[in-house]
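The values are calculated or read from the model by the stated rules, or taken from the named source; none is laboratory data. Computed from a predicted model, the values in this text were never measured in an experiment. Here Cβ is always computed from backbone atoms with ideal geometry, including for glycine, and neighbour counts include all displayed protein chains.
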Amino acid sequence: MPATDQLRRFSDAIVAAQRPIRILRAVNWDPAVHARFFRHDARELPRPENSPLGFDPADKVKELRTLKRQIRGKNPVESLLREKCDEFVLITRMLAARGTRRFYELSRHVFGDPRDRFPDHPADNLAIARLWAARPRARNEDATITAEEAARQVHELCAPYLGGKVKVMVRTRLTANAAAGATRVTLKKGAMFSPRQVCALAHHEGLWHVLTSMNGFAQPVLTVLGVGFPRHTESQEGGGIVAEFLTGYITDERYIELGERTIAVDMAARGADYLEVYRYLLARFQPQKAAQMCERVFRGGMVEGGAPFTKDVAYQRGYCRTFNFLRAALEGRDLDIVRAFLAGKMSVDEAELVRDLVEEGVCAGPVHLPAWFDDIDRLNAIVTHSVTMNRFSMPSISLYYARRRERRKAVAPEAVSEADAYDDEIESPAPQGEEGDEN
């Protein structure tokens with residue numbers, strides 16, 4: 001391993017080189033685009049205009065390649081730093097290709113494809129999306145909290161975990177209802193939230209995205225963990241959804257939306273234009289929501305179809321892989337690898353390396369820990385429940401109860417005695433000397 005001061009110099013150089021590269025800022029649409037779309041009764045393709053990148057793509061590629069050539073070591077850390085340079089080259093070229101099919105091709109390399117399979121399981125990402133999209137709608141999800149009030153509540157929830165350093169603000173130009181930077185959470189002006197959504201945002205944006213950024217930038221050597229090791233997006237976005245789940249603030253409404261986003265990306269990749277995808281989503285969501293989800297799919301790409309922005313396909317894969325990573329770690333009684341995963345932005349595949357680097361003194365453990373890490377006993381119980389239920393096949397269980405229903409229907413009502421007909425509802429008395437159920 002090279003001297004830590006050399007690794008720090010390389011790491012800081014990558015952080016500095018990537019600073020003007022802002023993906024979402026470069027692809028998000030101006031709010032006027034949707035206003036115009038609805039003024040024309042949602043019948044014409046929107047006409048977004050790309051904002052200036054703020055840097056010259058050719059110069060940025062040259063800078064990153066020069067930096068990569070300076071990182072010559074054969075060790076795993078320097079290999080990752082070179083990969084990170086390559087990843088930023090891909091992102092730079094992707095942004096330079098906005099409005100073309102090339103944008104989509106590069107987006108697939110950076111964020112993945114709707115039909116990608118899992119590296120540790122033959123499951124299909126699109127199949128998971130369809131499963132989520134088919135879930136029952138959530139109830140009692142009335143959005144009554146303004147963005148300004150939500151911002152106050154998010155700050156109140158996050159500040160104690162982040163040393164009071166997180167900022168929460170409200171701004172207009174935002175595609176999603178919320179986004180996170182290195183030290184701040186931004187909510188979309190005019191958006192409304194339910195109480196559960198406010199808590200979910202706090203744990204996803206503040207106590208996951210901001211938290212891992214702050215932990216990464218606090219590293220004594222590898223400050224690049226503040227912006228992320230290569231291929232970190234999948235685990236970062238999936239980890240945010242896992243945080244919503246572990247803290248109890250997710251509903252099927254959220255799973256439905258995430259699933260439909262991936263389905264929409266797949267439709268666009270196969271040629272559907274903005275209007276076709278919008279009409280598909282309109283069957284399940286309100287017009288403004290459907291348009292917002294469409295923007296996520298088509299921003300940076302081609303509204304005519306065939307070239308979507310594929311970032312949204314990372315959520316299902318990331319959720320499944322991050323949760324399985326946590327399950328495997330806790331099942332193996334390996335809390336150190338979980339702590340390593342929290343030390344910055346990284347893929348679950350790099351957590352083992354980071355744990356080794358913590359032991360070697362190259363990396364430090366996390367300064368801040370998420371709320372779901374407060375109660376390890378509860379996490380272990382969740383894993384116990386999960387691995388227990390894994391032993392049972394849901395299709396087999398469903399078939400068992402379906403057959404029971406069919407057998408009951410097949411029995412002639414007159415042939416069933418009153419006692420038989422209600423046997424499922426009668427509690428048998430406990431035998432002499434025994435008690436009934438208790439906790």
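Checked against the criterion of being farther than 24 Å from Ile91 by Cα, out of contact with any Cys (no Cβ under 7 Å at 6 or more places or on another chain) and surrounded by fewer than 17 Cβ atoms within 10 Å (Cβ to Cβ), the candidates Ala134, Ala129 yield just one match: Ala134. Do we find a residue being under 30 Å from Lys74 (Cβ atoms) and of a type outside the set (Ser, Thr, Tyr) anywhere in segment 22-39? No: zero hits.
Does Val297 satisfy the criteria of being over 30 Å from Leu357 (Cα atoms), touching a residue at least 60 places away in the same chain (Cβ under 8 Å) and touching a Pro at 6+ places or on another chain (Cβ under 8 Å)? Step through it out loud before you land on a result.
Working: over 30 Å from Leu357 (Cα atoms): yes; touching a residue at least 60 places away in the same chain (Cβ under 8 Å): no; touching a Pro at 6+ places or on another chain (Cβ under 8 Å): yes.
Spelling it out, it is not the case that Val297 is over 30 Å from Leu357 (Cα atoms), touching a residue at least 60 places away in the same chain (Cβ under 8 Å) and touching a Pro at 6+ places or on another chain (Cβ under 8 Å).
Applying the condition of being within 17 Å of the chain's Cα centre (by Cα) and of a type in the set (Val, Ile, Thr) to segment 192-225 and asking which residue is surrounded by the most Cβ atoms within 10 Å (Cβ to Cβ) yields Thr212.
Are any residues in segment 278-287 among the aliphatic types (A, V, I, L, M) and within 15 Å of Thr175 (Cβ to Cβ), and if so, which ones? Listed by number, the list holds a single entry, Leu281. Residue count for segment 83-121 satisfying the condition of being closer than 19 Å to Asp273 by Cα and part of a helix (DSSP H, G or I): 7.
Candidates Ala364, Ala343, Ala328: the one that is surrounded by fewer than 21 Cβ atoms within 10 Å (Cβ to Cβ) and part of a loop (DSSP other than H, G, I, E, B) is Ala364. For segment 88-122, the candidate set comprises residues that are basic (Lys, Arg) and more than 16 Å from Val303 (Cα to Cα); within that set, the residue that is modelled with the lowest pLDDT is Arg117. For segment 264-286, filtering for residues that are under 24 Å from the mean Cα position of the chain (by Cα), surrounded by fewer than 19 Cβ atoms within 10 Å (Cβ to Cβ) and either charged (D, E, K, R) or in a helix (DSSP H, G or I) (or both) leaves 4.
Exactly one residue out of Leu7, Leu45, Leu95, Leu24 is surrounded by 13 or more Cβ atoms within 10 Å (Cβ to Cβ), farther than 21 Å from Ala269 by Cβ and either touching a residue at least 40 places away in the same chain (Cβ under 8 Å) or more than 26 Å from the chain's Cα centre (by Cα) (or both), and it is Leu7.
Here Glu78 clears all of (1) in contact (Cβ under 8 Å) with a residue 12 or more places away in the chain; (2) over 30 Å from Val358 (Cα atoms); (3) not hydrophobic (A, V, I, L, M, F, W, C) except the condition numbered (2).
Among the residues of segment 246-294, count how many are of a type in the set (A, V, I, L, M, F, W, C) and touching a residue at least 60 places away in the same chain (Cβ under 8 Å). Of the residues in segment 246-294, 8 are of a type in the set (A, V, I, L, M, F, W, C) and touching a residue at least 60 places away in the same chain (Cβ under 8 Å). So which strands (runs of 3 or more DSSP E) stay within segment 129-191 end to end and still have 3 or more residues that are within 20 Å of the chain's Cα centre (by Cα)? It comes to 178-180, 184-188. Looking only at segment 367-386, residues that are of a type in the set (A, V, I, L, M) and surrounded by 20 or more Cβ atoms within 10 Å (Cβ to Cβ) come to 1 in all.
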